[in-house]
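What follows is calculated from the coordinates using simple rules that are stated; it is not laboratory data. Small disclaimer: the values here were computed from a predicted structure and weren't measured. So basically every Cβ, Gly included, is an ideal-geometry build from the backbone, and we count neighbours across all protein chains shown.
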Amino acid sequence: MLTIDFLINTLSLGSLYAMLALGLVIVYGILKLVNFAYGELLMIAGYTLYILGGLSTTLPWFVIAILAVLVAAAISYLTEMIAFRPVREKSLTAMLITSFAVSTLLQNAALLIISPRARAVPLPDFFSQSVALAGSNIPIRNILSIVTAVVLFGALSLLLKYTVLGIALRAAADDFRMTRLLGVPANLVISTAFIISGFFAGVVAIFWTARTASVTPTIGAAPLLVAFVACVIGGMSNLLGAVVGGYLYGIIYSLLSLWLPQYLLDYREAFMFLIVILILLFRPSGLIRGNASSERVG
Amino acid sequence: MNLKLQFSKWFRTNSTIVLLLVPLLLLALLTQIFGGSLLYRIVTVLFINLLLVLGLQTFMGNSGILSFSHIGYMGIGAYASVLFSMTPEAKAATLPDLYPLLQNVHLPFLVSVLIGAFIAMLVAAVLGYPLMRLSDAAAVITMFAVLVIIQVVLVHWSAVTNGPRTLYGVDNYTTLWVSVAFGLLGVILAYYFKESNIGLMLRASRDDRYAASTIGINIVNVRWLGFMLSAFMAGFAGGLWAHFITSFSPYAFYLSETFAILAMLVVGGPGGISGAVIGTVAVTFVHEGLRQIENSVNLQGGGLVGFTEVFLATSLIALLIWRPGGILGGREISWPRRKSQSQDDQLLSGSEKS
C-alpha cells in the first residue's frame with residue numbers, strides 16, 4: 001500500500017497545500033485577517049495563463065507562467081491597497097466582510113467578463129510526462145511541485161532571516177503595534193505580506209490548473225478551504241505551522257482516500273472540517289504554537 | 001387618562017418597534033393593492049429574507065461573532081420541513097430512497113415548518129455548544145467549517161435531499177401574508193431578544209468579554225442561547241422559503257447566499273434591528289431588481305452573468321470603507337423626544353428634577 005508513488009503523490013499534494021497555507025498565514029499573522037479572497041488569486045493566475053496562452057503562441061510557457069504568478073501578486077497588492085487598507089484600522093469584522101466581498105467581486109467579475117464555462121490553460125509537454133522511479137511511474141509534475149515548494153520555502157526563510165524587510169515582517173507578525181512604534185512603516189510590511197501571499201497563490205495555481213488543464217470562475221473555492229484546514233491544523237500564528245499543517249493535510253487526505261469505505265468517501269471534506277473543529281476546540285493554537293493568542297473563552 | 005399616559009410611556013420606550021412595523025406593514029398592503037406578480041414575488045421574498053437576516057442579527061449583531069454557518073441552518077430548515085409537508089405520492093416521486101419511517105408522514109404546512117426550525121435549532125445546539133468558546137478568527141473559521149460540513153452532507157445524503165439534484169414537488173403554501181406575518185414576528189422577536197436580559201448580557205460580552213465575565217456573565221451560555229434562537233429563525237425562514245420556491249437544490253444554501261444575507265445585515269449595520277430591516281429592504285430590492293435586468297438581457301442573447309453580485313460587492317466594499325458599522329452604525333431609529341412626553345414620563349416616575 002505504501003508504495004513509492006503513493007509517497008511521492010502525497011508529498012506533492014502536501015507541498016501544494018503547504019504553499020497554499022503559507023500564503024494565507026503570512027497575511028493572517030500580521031493583520032489577523034482570514035483572507036477569503038485568497039482563492040480568487042489562484043483563479044486570476046489561472047485566467048492569466050489562459051489569456052496569455054491564447055494571445056501569443058510564440059511566448060514560451062515558462063514566461064507565461066512567471067507572468068501569471070506576477071499578476072496574482074499584483075492583484076493581491078491591489079486588493080490590499082484598495083479594499084483592505086481603508087478598513088484595516090476600523091474593525092476586524094468589517095475587514096472579514098470586505099474580504100468576503102472582494103472574493104465575490106473577483107469571482108463574479110470573471111463570470112461577467114470571461115465566461116462561466118471552463119477555459120483551457122496552456123501546459124508544457126513535460127507536465128503530462130512521467131519518469132520511471134523504483135519500478136513505478138511518477139508524473140514529472142509531482143516531482144516538480146515538491147522541488148518548487150522546497151526551493152520557495154528556502155528562499156522565503158532566507159528572506160525572513162537575513163533581510164531587513166524579512167525581519168520587519170517577522171516582528172510585525174509577533175507584535176504589530178510595537179513594530180510600528182519602532183518606526184517600521186505599516187503599509188510597507190502589510191503590502192509585502194500581500195505580495196508574498198499572491199505570489200504563493202500564483203505558483204500553486206500553475207500546478208492546480210494543470211490537474212484539469214482548465215480554469216473556471218469557481219476554481220478558488222477548493223484551495224481556499226484546503227488552506228483554511230491546513231492553517232488550523234498547523235497553527236494560525238506562525239509560518240512553520242502552516243507548512244507542517246499543509247503537509248499533514250496532504251497525508252491525512254491521502255490516507256482518508258485510502259481507508260474510508262466507498263459510501264463515506266463523498267464525505268471526505270466534511271471529515272477534514274470536523275478535524276478542524278476538533279483541533280480548534282482542544283488545541284486552538286494548532287500543533288505548532290506561536291505566541292499566546294486570546295481566542296477562546298471559558 | 002392614565003391609559004393614555006401608560007401608552008405614551010410604552011410608546012416612548014418602544015417607538016422603534018412601531019416605527020419599523022408600520023412601514024413594513026404599509027409596504028405589504030401596497031403590494032397587495034397595487035402589486036403585479038413581480039412585486040408580489042419580491043415582497044414575499046423580502047419578508048422571508050427579513051426573518052433570515054434578523055436571525056443572523058440575533059447572533060452576529062449581539063455577540064459580535066461573524067457567523068458563516070447561518071445559511072446552513074436555513075438549508076436544514078428547508079429540507080426538514082419539506083420532508084414532513086410533502087404528500088407521500090410526491091415523496092415517492094422525488095425521493096425514492098427515503099426511509100420508510102418518513103415515507104408516509106404528512107403534516108400541515110406550519111407544523112412542518114416548525115418541526116424544520118426545531119431540527120435546525122437542535123443541530124445548531126449540538127454543533128454550536130463547543131464552538132461558543134471560540135472568538136475572532138477561530139470562530140470565523142469554525143463557523144465556515146460548519147457551513148461546509150452542512151453543505152457536504154446536504155449534497156451527498158441522497159436519501160433525504162435527492163443529492164445534488166433539484167428537489168421538486170413541494171406544495172406552495174407561503175403566500176405574501178404568511179411571509180409578512182412571520183417577517184414581522186421576526187422583527188418583534190429579534191427586538192425583544194436584544195432588549196432582554198440575555199440579549200443585554202450577550203451584548204456586554206461582545207463589547208468586552210473580560211469585563212462581562214468578571215460581573216458573572218456566563219459568556220458561553222448566553223452565546224449558545226443566542227445561537228440557538230438565531231438558528232431557529234433561520235430554519236423557520238428556510239421552511240417558508242422552501243414552500244415558496246417549491247423546487248431547490250443544496251447549492252441554494254452556500255456561499256453566494258451567505259454573501260447576500262451578510263450584505264443585507266452589514267449594509268444597515270449589524271448592531272441593531274433597524275439596521276437589519278433597512279439593509280434587508282434595500283438589498284432585496286436592489287438584488288431582485290438587478291436580477292430581473294440580468295435575466296431579461298440574457299434572454300435576448302446577451303451574457304450578463306454575475307452583474308448583480310459585482311454591483312453588490314462593489315457597493316458593499318465602498319460602504320464598509322465609508323461606514324464600517326453600516327448606515328445606522330448599530331443605533332435604533334426612534335421617535336424624537338418631545339417635551340410633553342418627557343413630562344408624562346416625569347409624572348409616571350414621580351417628580352424628579354431633570
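Some points to look at:
- In terms of its C-alpha gyration tensor, the stretch B:162-202 comes out oblate, because a/c is 1.5 or above while a/b does not outweigh b/c.
- Averaged over the residues of B:143-156, the number of partner chain Cβ atoms lying within 10 Å of the residue Cβ comes to 5.
- Efficiency of FRET between residue B:6 and residue B:334 - r from beta-carbon atoms, R0 22 angstrom, step 0.05: 0.75
- On full extension, the segment bounded by residue B:26 and residue B:159 gains 43.6 nm, given 0.36 nm per residue less the C-alpha separation.
- Per residue, the convex hull spanned by the Cα atoms of chain B measures out at 176 cubic angstrom.
- At R0 = 51 Å, FRET efficiency that the Cβ-Cβ distance of residue A:6 and residue B:168 yields, to 0.05: 0.75
- Shape class of the protein assembly as shown from the Cα gyration tensor (axes a ≥ b ≥ c, square roots of the eigenvalues): prolate, since a/c reaches 1.5 or more and a/b is larger than b/c.
- Peptides B:99-110, B:17-28 ordered by packing proxy, namely the average of other Cβ atoms within 10 Å per residue, highest first: B:17-28, B:99-110.
- Database remark: amide H of residue B:167 closer than 5 angstrom to the amide H of B:248, B:249 (H placed geometrically; neighbours at sequence offset of 5 or more, or on other chains; Pro and chain starts carry no H).
- Backbone N within the stretch B:106-143 under 17 Å of label point (7 Å from residue B:92 Cα along the Cβ vector): B:106-107
- Sorting the segments B:67-79, A:97-109 by their mean number of nearby beta carbons within 10 angstrom, highest to lowest, gives B:67-79, A:97-109.
- For residue A:130, the residues whose amide H sits under 5 Å from its own are A:140, ignoring neighbours fewer than 5 places away on the same chain, with H placed 1.01 Å from N.
- Under-5 Å amide H pairs with residue B:134, H placed in peptide plane, nonlocal only: A:297
- Neighbouring partner chain Cβ atoms per residue of A:28-36, average, 10 Å criterion: 2
- Largest-first ellipsoid semi-axes for chain A, taking √(5λ) over the Cα gyration tensor eigenvalues, angstrom: 29, 25, 19
- Electrostatic bookkeeping for residue B:308 treats Lys and Arg as +1 and Asp and Glu as -1; over the other residues with beta carbon under 11 Å from its beta carbon, the sum is -2.
- Inter-chain neighbour count for A:77-87: the average number of beta-carbon atoms from partner chains within 10 Å of each residue's beta-carbon is 2.
- Residue among B:245, B:333, B:33 with the largest mean-square fluctuation in a Gaussian network model of chain B, springs linking Cα atoms under 10 Å: B:33
- Helix runs (DSSP H) in chain B reaching 18 Å along axis by Cα, Kyte-Doolittle at least 0.5: B:2-34, B:37-56, B:70-85, B:109-131, B:136-156, B:176-195, B:219-245, B:255-268, B:273-299, B:307-322
- Where Cα atoms sit under 19 Å apart: lysine pairs in the protein assembly as shown separated by 8 or more or lying on different chains: 5
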